[in-house]
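The values are calculated or read from the model by the stated rules, or taken from the named source; none is laboratory data. Computed from a prediction, not measured in an experiment: that's the story for all the values here. As a convention, Cβ positions derive from the backbone with ideal geometry for all residues, glycine included, and neighbour counts pool all protein chains shown.
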Amino acid sequence: MNNSVSNTARLLGAGLRALLVLTLITGVLYPLVVTGIAQGLFNDKANGSEVRADGRVVGSSLIGQSYNLPLKEGEETPAPDLKWFQGRPQNGLGTNSVNTQYKLILSGATNRSGDNEELDQWVKDAQAAVVKDNSVPGHAVKPSDVPADAVTSSGSGLDPNISPQYADLQVRRVAEKNGLSVAEVGKLVDEHTEGRTLGFMGEPRVNVLELNTALKGLAAKS
C-alpha cells in the first residue's frame, strides 16, 4: 500500500516537473527565440509588411485596398476615385452577416465557373468601366487593351498587386487627374514594377498601395 502511494506520488512529481520544464521551453523560451529571430532578420514581414506615409501606417503591402469616392446618397456602390490607380475587382469578397456591429475584412473567391452568366456579366461590366474610365482626350482605350486582372478578382479577393499592363493602361488617366505628365507617371509605374520572384516564379507585378503612396508624394511636389 505504502509502495503504491509512494510510486504514485513519484510519478505525479515527475509529470509535474516535466510539465513545468516543457512549458518553460515551448511556451516561453521557444516563442522568445523565434520572435527575436523574426524581429532581427525579418522585421518588416514579422510586423505585417506595413506601408507608411506621412509618418503613419496606411496599410499592408499584402492586402489590397479600395480607392473610392465617398458613398453618395442613394448609391449602393461607391464610384472609384479616378485620381488613384485602381486595383483588381473585389467580387470575391463575401458579406459579413454574423457580426454586423463591425466591418470585417472578408476573403474569398466568387466560386463561379467560367460559363456562369453572373460572372460573365461582371466581366463585361468591368471591361466597359475600364474602357470608359481610362479613355482620355486623344487616347481611346479599346476592349482588347484591357488585361484579365482588370476585370477579374483574385482567389482571395484581396490581391494587392496588378499587372504592369493594367498599371500602364491607367497612366494617362492618373496623369490627367493629378495634373502630372504621362512621362512622370509612367516612370513611377516602372519604378514600382517587380519582376518574377527569383526570376522564374509568379508574374511581374505592381503593388497598388505602394504605387499610390508614391503618386501622392509626386503630386504633392508638383
Filter region 130-147 for residues that are more than 15 Å from A167 (Cα to Cα) and of a type in the set (G, A, S); which is modelled with the lowest pLDDT?
G138
Quick one: in region 192-222, of everything that is among the charged types (D, E, K, R) and surrounded by 11 or more Cβ atoms within 10 Å (Cβ to Cβ), which residue is nearest to E50 (Cα to Cα)?
E210
Quick one: would you say D125 is farther than 30 Å from K221 by Cα and modelled with pLDDT of 95 or more?
no
Can you confirm whether Q127 is closer than 29 Å to V185 by Cα, part of a helix (DSSP H, G or I) and within 20 Å of the chain's Cα centre (by Cα)?
no
Which condition breaks for A183 when tested against (1) surrounded by 12 or more Cβ atoms within 10 Å (Cβ to Cβ); (2) without any contact (Cβ under 8 Å) to a residue 24 or more places away in the chain?
(1)
Checked K72, K103 against criteria (among the basic types (K, R) and at pLDDT 65 or above); the one match is K72
Take G186 and decide whether it is part of a helix (DSSP H, G or I), on the phi < 0 side of the Ramachandran plot, small (G, A, S) and in the same structural domain as D81 (by TED's automatic domain parsing).
yes
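Results for (1) surrounded by fewer than 20 Cβ atoms within 10 Å (Cβ to Cβ); (2) at negative phi, shown as yes or no for each residue.
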site	(1), (2)
D125	yes, yes
A128	yes, yes
D133	yes, yes
G138	yes, no
S144	yes, yes
A150	no, yes
S156	yes, yes
I162	no, yes
For region 22-31, does any single residue satisfy the condition of being within 28 Å of the chain's Cα centre (by Cα) and outside the structural domain of H192 (by TED's automatic domain parsing)?
yes
Could you check how many residues of region 1-52 are of a type in the set (S, T, N, Q) and in contact with a Ser or Thr (Cβ under 9 Å, 6 or more places away or on another chain)?
1
